[in-house]
Amino acid sequence: MSSSPSTPASHNQAGLVLAAIGVVFGDIGTSPLYAFKESLLHAGGQAPTAEHIFGILSLIFWSIMMVVSFKYLLAIMRADNKGEGGILALMALAQRGLAQGGYRARLIVIVGIFGAALFYGDGMITPAISVLSAFEGISVISHTFDAFIIPLTIAVLIGLFMLQKRGTAVVGKLFGPIICVWFTTLAVLGVLSILKTPEVLQAFNPVFAVRFFAAAPFLAFTTLGAVVLAVTGGEALYADMGHFGRSAIRKAWFFLALPALTLNYFGQGALLLRTPEAIKNPFYLLAPEWAIVPMVVLAACATVIASQAVISGAFSVTNQAVHLGYCPRMAVRHTSEHEIGQIYVPQINWFLLVAVILLVLAFKSSGNLASAYGFSVCATMVIETSIALTVLGRGVKGAMRFLVYGALGCFLLVDLTFLSANMFKLVEGGWFPLLIGLVVFSLMMTWKRGRSILYGKLREGELPLQGFVESLEMAPPQRVEGVAIFMTGSADSVPHALLHNLKHNKVLHEQVVFMTVQTTDVPYVPHKEQVVVRKLGKTFYQVIATLGFKDDVNVPSIQKQVTELLPELEFDMMNTSYFLSRETLVQASRPAMSMWRRHLFSMMSRNAMRATDYFGIPPNRVVEMGMQIEM
C-alpha cells in the first residue's frame, strides 16, 4: 500500500527537510547580504554599469548551479562513507583499497588533513562576516548608528559562544522555521523588485558572463574571488549529509533554498538597474523603508544560525580528528540525549571566540573581511573534488568511467579557477585562513607523527601476550581479589603497566583483562560488532573494542557489552582497578623528530585531556604506571 502524505515516514522526511533548512543552509543562505555587492564593487566600483550587473548576475547564478547543484548535490554526495560526508569521512573512504604507507595513501592523508585544517579558518571568518554584515544594515537607517555596529556584533558573538555549552537541542527546533522565513523573505523581496524591472531575467543567459570576460578578461577573472562568496557554505551540504541524508538536503535545496537565493540576487540586480546608487547596500535597500529594522533583526537571527552551523562543524571535525589520531584528546560533552551529533568542545569554543572577536576588531567591516573569506572554502572544494575523483572513479568501467572522470574534471577546473582568482586576495586578508590552516595542519601532522614514533618506541622489546600469560599461569605470583583492567594500544603484546605492576607490587588480581580500544575508518560501528572478548587463560581475558570515528569512547559502556557476551566476567566498580601507562618524554641522543616538532609534541601531550576523563573511567579507581620514553 502506498504511503500517504500523513504517514509517519513522510512526517519524518518533512522534519528532516525542515531541520536541514535550518542547519545546513544557514551559511549559503546569508550570502546575499554581501556577495553581489562585493562582486559589483570589485568589477565596477561605486557606479556599476548594466553590463557589469548582467555579467555578475550570470556568473553568480551559474557558479551556484555548477558548484552546489551539479557538483555537490548530484555528484559528490554519491561518495559517502556509510552515509557520512565531509572531508575526513571522504579521506578515510579514499584510503580503502590502498596500501597503507604507500605514496597514494600518504598523499590522500596529507591533502585531506590540510582540507580539514582549513575548515578552522572558515569557522572563524563565517561568524565574523555574517553577523557583521547583518548589523551593517543599521547604517541604512542612519549613519549616526555606525558606532554601534562593532559593539553589537561582538556582543551577539559573545552571547552565541557562551550558549554553546547549553547545546542546540532546544534552539535547534527554532532554526528551521526562522530560516524558512528568511528564505521566503528573500524570495518575496526579489520577486517584487524583478516585477518592476523584468529585463534583469536576461542574466539567466550565460552569454552575459562570457561577454563580461571578453570585455575585461583580467578584471572578470579577479572578480571571481568575490563571486565565490555566493557559494561559500555549499561544502556544508556534503559535510552534514550524515545528519539528514542526501534526499532531505536535495529537496530543501531545489525546492526552497535555490529558488529563494536566485530570486533575491536577481532582485538586487533589478534594483541596481533602476537605481545604481543603491550599490551602498543593495540587499537592505530591496526592502521598503518601514521594513529595514525588521530585516536587520531577521538577518541577525539568520547569521547567528549560519554561525552556529560552522561552530558545530568545528566541534565535529575536532572530535573526528581525535578519534583518527590527528589531535590530542579533548573534552567532548554531549548536549543532547537524542542527537549524537550535538556535541560541545570547550577548548575549541573559546579558541574560536577569541579569534572571531580579533577578526571583527581587525577588519572592522564585512567588505574588508570578504577579502579574507573564500580562499579556505575554495581550497577545501578543490581538495574534496580531487579526492572524490579517486572514490567515484573506483570500480567504474567503460564509457561510464569517462563520463565520471569528465564531469569531475570539469568541476575541478571550476574549483581551481575560483582558487586561482582568490590568490589575488592573499595580501588583502586571504593570508589569515591560509595561516590558520597551516598552523592547524602542522599541529595535526606533528601529533600523528609523534604518536607513531611513541608507539614504535613502546613496541620495542615487548613480550608476546599469549606466551606471557601461559608463564604466569604456570608460576603465578601472589593473587589479590578484584578485577584489573590494563588499557593497552597493542592487542598482541604485554602492557608495560602490567610489567611495572609485577616488578614493583609483585601481585596480580584474581581476574585480569587486557583492553584495547581502536578506531576504524567508518563513522559508526554497529553495537553488536563493537566488542570482541577472548579468554586467554583461566583468569585472563582480552577485550578488543572497535569503534567508528564518530562513536563515543566510554569504557564502562564497553564493560557492559563484555558482561553481556561473557556473564562470568562481572565488573563491580568498587572492586575493579584500571592500570594505565603514563609516558614522560626525554630527549634521545639521536632524536627521531626535529627540535621544534619534539617540543611542540611534548607541549600537546602535556595539555591533552587525561586518559581517565577521555575513556570515562572513574578517576578514583585508576593506577598510573610512569615510564620514560626517549624521542
Q: Identify the residue in region 51-97 that is of a type in the set (V, I, T) and over 19 Å from the mean Cα position of the chain (by Cα) and, among all such residues, is nearest to P259 (Cα to Cα).
A: I64
Q) Can you pull out the residues in region 1-22 that are modelled with pLDDT of 75 or more and surrounded by fewer than 24 Cβ atoms within 10 Å (Cβ to Cβ)? A) V17, L18
Q) Restricting the first residue to region 578-595 and requiring it to be in contact (Cβ under 8 Å) with a residue 24 or more places away in the chain, which pairs with a second residue that is of a type in the set (F, W, Y) and surrounded by 17 or more Cβ atoms within 10 Å (Cβ to Cβ) meet a Cβ separation below 6 Å and a spacing of at least six or different chains? A) F579/F486
Q. Of all residues in region 440-473, how many are of a type outside the set (G, A, S) and free of Cβ contacts under 8 Å to residues at least 60 places away in the same chain?
A. 7
Q. Conditions: (1) at pLDDT below 90; (2) closer than 30 Å to F432 by Cα; (3) buried (at least 16 other Cβ atoms within 10 Å of the Cβ). G176 meets all but one. Number of the miss?
A. (2)
Q. Out of all the residues in region 142-157, is one or more under 21 Å from the mean Cα position of the chain (by Cα), at pLDDT 85 or above and in the same structural domain as G233 (by TED's automatic domain parsing)?
A. yes
Q. Do you know which of the residues in region 23-73 that are aromatic (F, W, Y) and surrounded by fewer than 24 Cβ atoms within 10 Å (Cβ to Cβ) is nearest to T385 (Cα to Cα)?
A. F70
Q.
For the list (1) surrounded by 13 or more Cβ atoms within 10 Å (Cβ to Cβ); (2) in the same structural domain as F363 (by TED's automatic domain parsing), I need the number of the one condition that G406 fails.
A. (1)
(Q) I need the full set of residues from region 409-440 which are at pLDDT 85 or above, among the aromatic types (F, W, Y) and surrounded by fewer than 21 Cβ atoms within 10 Å (Cβ to Cβ), in order please. (A) W431
**Q.** Pair list, Cβ under 7 Å, 6 or more apart: region 130-148 residue farther than 14 Å from V356 by Cβ and in contact (Cβ under 8 Å) with a residue 12 or more places away in the chain, other residue part of a helix (DSSP H, G or I) and charged (D, E, K, R)
**A.** S139/D146
Q: Please state which one of V507, V512 is over 30 Å from Q95 (Cα atoms) and surrounded by fewer than 15 Cβ atoms within 10 Å (Cβ to Cβ).
A: V507
**Q.** Count - residues of region 77-113 that are basic (K, R) and under 18 Å from F549 (Cβ atoms)
**A.** 2
Q | Residues being at pLDDT below 85 and not aliphatic (A, V, I, L, M) - total across region 520-537 | A | 5
**Q.** Extreme residue, farthest from G325 (Cα to Cα), among residues of region 541-554 that are of a type outside the set (G, A, S) and at pLDDT below 90
**A.** N554
(Q) Quick check on L419: is it in contact with a strand residue (DSSP E or B) (Cβ under 8 Å, 6 or more places away or on another chain) and either aliphatic (A, V, I, L, M) or over 30 Å from T385 (Cα atoms) (or both)? (A) no
Q: Filter region 15-56 down to residues that are assigned to a helix (DSSP H, G or I) and aromatic (F, W, Y) and give me whichever is farthest from V310 (Cα to Cα).
A: F54
Q. Applying the selection to region 533-574, what residues are assigned to a strand (DSSP E or B) and either outside the structural domain of F486 (by TED's automatic domain parsing) or within 31 Å of the chain's Cα centre (by Cα) (or both)?
A. I544, A545, T546, L547
(Q) Restricting to region 453-485, and then to whatever is of a type in the set (V, I, T) and surrounded by 16 or more Cβ atoms within 10 Å (Cβ to Cβ), can you tell me which residue is farthest from V513 (Cα to Cα)? (A) I453
Q) For the subset of region 388-409 comprising residues that are within 19 Å of S69 (Cα to Cα) and touching a residue at least 40 places away in the same chain (Cβ under 8 Å), which member is nearest to the chain's Cα centre (by Cα)? A) A388
**Q.** Filtered residues of region 471-508 (kept if polar (S, T, N, Q), over 20 Å from A611 (Cβ atoms) and part of a helix (DSSP H, G or I))
**A.** S471
(Q) I'd like to know if region 428-443 contains one or more residues that are within 23 Å of the chain's Cα centre (by Cα), assigned to a helix (DSSP H, G or I), of a type outside the set (K, R) and over 30 Å from F221 (Cβ atoms). (A) yes
(Q) Pull out all pairs, ordered by first then second residue, where Cβ-Cβ is under 6 Å, the residues are six or more apart or on different chains, the first lies in region 15-32 and is within 17 Å of F135 (Cβ to Cβ) and in the same structural domain as V231 (by TED's automatic domain parsing), and the second is in a helix (DSSP H, G or I) and of a type in the set (G, A, S). (A) G26/A306; G26/A309; T30/S130; T30/A302; T30/A306; S31/A230
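The values are calculated or read from the model by the stated rules, or taken from the named source; none is laboratory data. All values reported here derive from a predicted model rather than from experimental measurement. With ideal geometry, Cβ positions are generated from the backbone for all residues, glycine too; neighbour counts draw on all protein chains shown.
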